[in-house]
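Trainee: What follows is a single structure, and I will ask about it in a moment.
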């Protein structure tokens, strides 16, 4: 019984946050993805894990994607896009990455939970998942859980939009999927 109640709590909260998210984001982000030579993705902690999901899906969709911090990640350049996933937009390491990307002429997207932040002030696109009011304390969903799960769901829906709009066949995505697992 308690499990069903907790599942409903989590699903309802994610739905509430996604309902409060601007419906034009998918189109705007797709335009920024398509305008980039290459895409770099970063986050910290669980937000980085959400970024890993996005990076894999964008690679499957045919984009040139690198995860910041991996040993084989190339240097970012003008014409590239840096996607930062940060609930607060205030993580020091991510601020440093944003400054570096900006200094070389790369575009920056921030996916966040707050309408105002240090990274947001430097970004070319700020995509707030939910609203400032969306993130009040929720029983059983501590320390950013609402942001991370909602962002993961939002980004999976964004990739579904991309696949549909571009007509990318699943066979093509499967061909790009890792074959040494």
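Trainee: So for region 17-100, averaging the separation of alpha carbon pairs under 8 Å that are six or more residues apart and normalising by length, what relative contact order in percent results?
Mentor: Relative contact order, region 17-100: 36 percent.
Trainee: If a/c stays under 1.5 just call it rounded; otherwise compare a/b with b/c (prolate if a/b is bigger, oblate if not). Do that for region 76-181, with a ≥ b ≥ c from the square roots of the Cα gyration tensor eigenvalues.
Mentor: Because a/c hits 1.5 or more and a/b fails to exceed b/c, region 76-181 counts as oblate.
Trainee: Determine the calculated [θ] at 222 nm for the chain from helices alone, applying -39500 (n - 2.57) to every DSSP H run no shorter than 4 residues and normalising by the residue count; nearest 500 deg cm²/dmol.
Mentor: -15500 deg cm²/dmol
Trainee: Where does each of 174, 38, 77 land when they are ranked from fewest to most other beta-carbon atoms within 10 angstrom?
Mentor: Least crowded to most crowded, the residues run 174, 77, 38.
Trainee: Counting alpha carbon pairs within less than 8 Å and at least 6 residues apart, what relative contact order, in whole percent, applies to region 2-174?
Mentor: Relative contact order for region 2-174 comes out at 25 percent.
Trainee: Given the options 106, 160, 123, state which has the largest fluctuation in a GNM of the chain using a 10 Å cut-off (strictly under) for Cα springs.
Mentor: 160
Trainee: Once the Cα atoms of region 2-174 are picked out, what are the Rg and Dmax in Å?
Mentor: Here Rg and the maximum Cα pair distance are 15.9, 52 Å.
Trainee: Hey, in the GNM for the chain with a 10 angstrom Cα cutoff, which one of 90, 70, 148 fluctuates hardest?
Mentor: 70
Trainee: Can you sort 177, 60, 161 so the residue with the fewest Cβ neighbours within 10 Å comes first?
Mentor: Ordered from fewest to most neighbouring Cβ atoms within 10 Å, 177, 60, 161 come out as 177, 161, 60.
Trainee: Of the residues 86, 136, 15, which exhibits the maximal mean-square fluctuation in a Gaussian network model of the chain defined by a 10 Å Cα contact cut-off?
Mentor: Checking each option, the largest mean-square fluctuation is seen for 136.
Trainee: To continue, here is another question. Gain in length, residue 137 to residue 71, computed as 0.36 nm per residue apart minus the alpha-carbon separation, to one decimal in nm?
Mentor: So the chain would gain 20.0 nm between residue 137 and residue 71.
Values quoted throughout were computed directly from the atomic coordinates according to the rules given, and no laboratory measurement underlies them. Predicted, not measured: the structure shown is a model, and the values here were computed from it. Methodologically, a virtual Cβ is constructed for each residue, glycine included, from the backbone with ideal geometry; neighbour enumeration extends over all protein chains shown.
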